[in-house]
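The values are calculated or read from the model by the stated rules, or taken from the named source; none is laboratory data. Model, not experiment: these values are computed from the prediction. Here the Cβ is made from the backbone with ideal geometry for all residues, glycine too, and neighbour counts use every protein chain on show. For the accessible areas, the whole protein counts, side chains as well, though only heavy atoms, and no ligand, DNA or RNA atoms are used. Shrake-Rupley method; radii C 1.70, N 1.55, O 1.52, S 1.80 Å.
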Amino acid sequence: NVLRTGRKDIALATLLLDAGKAGIALLLARELAGLADISEEIQRQIGLTAGAAAFIGHCYPIWLNFKGGKGVATFFGVLFAGAWPLGAMAGVTWLAVATMFRYSSLAALCAAAIAPLAALVAGFGWAEVIFSTLIAALIFWRHRANIARLRAGTEPRIGDKKDGPAAPAEATPEA
């Protein structure tokens, strides 16, 4: 959404801040959990839980009447902070699909769909597989209007300019 306003600097800042809030939540929780005498597996799970909480808070913020973003940048923040190879696989998927088809929403959906499969095939723990599956399902839920527009052939492509004043995040297509 922000990129369609033409402000690449603000779009980049938004991407980094949305990804960063989830990544920092995960890393901080995992680090704090490391201070306790608990296993590394439990530390990873605590970190993923904090990242998931940041993701859900982004999608459903209380102060915006539970109408937030679609969570893709936040999803990437958790993946890169919690399991960077998994984040890289999802990121490459997003880039490939976005380059081929020029639909940010389609790229986001493909990246979200590939993450649980990549976690399973690459031998990540069950925490990463379950986390990425649940978050992918929520990304698909948040993109249901985009999916309808993709099917109808009316979804805006990357590079299309947004007309008129900015609309609320819930009412506009976003990846």
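Any residue that is modelled with pLDDT of 95 or more and farther than 20 Å from ASN146 by Cα - is there at least one of those in segment 89-98? Checking segment 89-98: at least one residue is modelled with pLDDT of 95 or more and farther than 20 Å from ASN146 by Cα.
With the structure loaded, tell me whether LEU95 is assigned to a helix (DSSP H, G or I), in contact (Cβ under 8 Å) with a residue 40 or more places away in the chain, at negative phi and of a type outside the set (S, T, N, Q) or whether it fails that test. It is false that LEU95 is assigned to a helix (DSSP H, G or I), in contact (Cβ under 8 Å) with a residue 40 or more places away in the chain, at negative phi and of a type outside the set (S, T, N, Q).
Can you confirm whether ALA107 is of a type outside the set (Asp, Glu) and either more than 21 Å from ASN146 (Cβ to Cβ) or surrounded by fewer than 19 Cβ atoms within 10 Å (Cβ to Cβ) (or both)? No, not satisfied. Residues in segment 9-25 that are among the aliphatic types (A, V, I, L, M) and closer than 11 Å to THR74 by Cα: LEU15, LEU16, LEU17, ALA19, ALA22, ILE24, ALA25. Do the conditions hold for ILE10, that is, is it out of contact with any Gly (no Cβ under 9 Å at 6 or more places or on another chain), part of a helix (DSSP H, G or I) and surrounded by fewer than 13 Cβ atoms within 10 Å (Cβ to Cβ)? So ILE10 passes the test. The sole residue among PHE75, PHE80, PHE101 that is at pLDDT 95 or above, open to solvent by 60 Å² or more (accessible area, probe 1.4 Å) and more than 20 Å from ARG151 (Cα to Cα) is PHE80.
Within segment 36-75, the set of residues being charged (D, E, K, R), free of Cβ contacts under 8 Å to residues at least 12 places away in the same chain and in a helix (DSSP H, G or I) comprises GLU40 only.
In segment 116-130, the residues that are within 18 Å of ALA52 (Cα to Cα) reach residues that are surrounded by 14 or more Cβ atoms within 10 Å (Cβ to Cβ) and among the basic types (Lys, Arg) with C-beta atoms within less than 7 angstrom, at least six apart or across chains, in these pairs: GLY125/ARG44; ALA127/ARG44. Taken over segment 110-128, the criterion of being among the aliphatic types (A, V, I, L, M) and either crowded, with 20+ Cβ neighbours inside 10 Å or more than 13 Å from the chain's Cα centre (by Cα) (or both) is satisfied by ALA111, ALA112, ILE114, ALA115, LEU117, ALA118, ALA119, LEU120, VAL121, ALA122, ALA127.
Results for (1) surrounded by fewer than 16 Cβ atoms within 10 Å (Cβ to Cβ); (2) under 29 Å from LEU86 (Cβ atoms); (3) modelled with pLDDT of 90 or more, shown as yes or no for each residue.
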{"position": "ILE130", "(1), (2), (3)": "yes, yes, yes"}
{"position": "LEU138", "(1), (2), (3)": "no, yes, yes"}
{"position": "HIS143", "(1), (2), (3)": "no, yes, yes"}
{"position": "ILE147", "(1), (2), (3)": "yes, yes, yes"}
{"position": "GLY153", "(1), (2), (3)": "yes, no, yes"}
{"position": "GLY159", "(1), (2), (3)": "yes, yes, no"}
{"position": "ALA167", "(1), (2), (3)": "yes, no, no"}
{"position": "ALA171", "(1), (2), (3)": "yes, no, no"}
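Consider segment 28-46 and keep the residues that are of a type in the set (A, V, I, L, M, F, W, C) and open to solvent by 80 Å² or more (accessible area, probe 1.4 Å). The one that is modelled with the highest pLDDT is LEU28.
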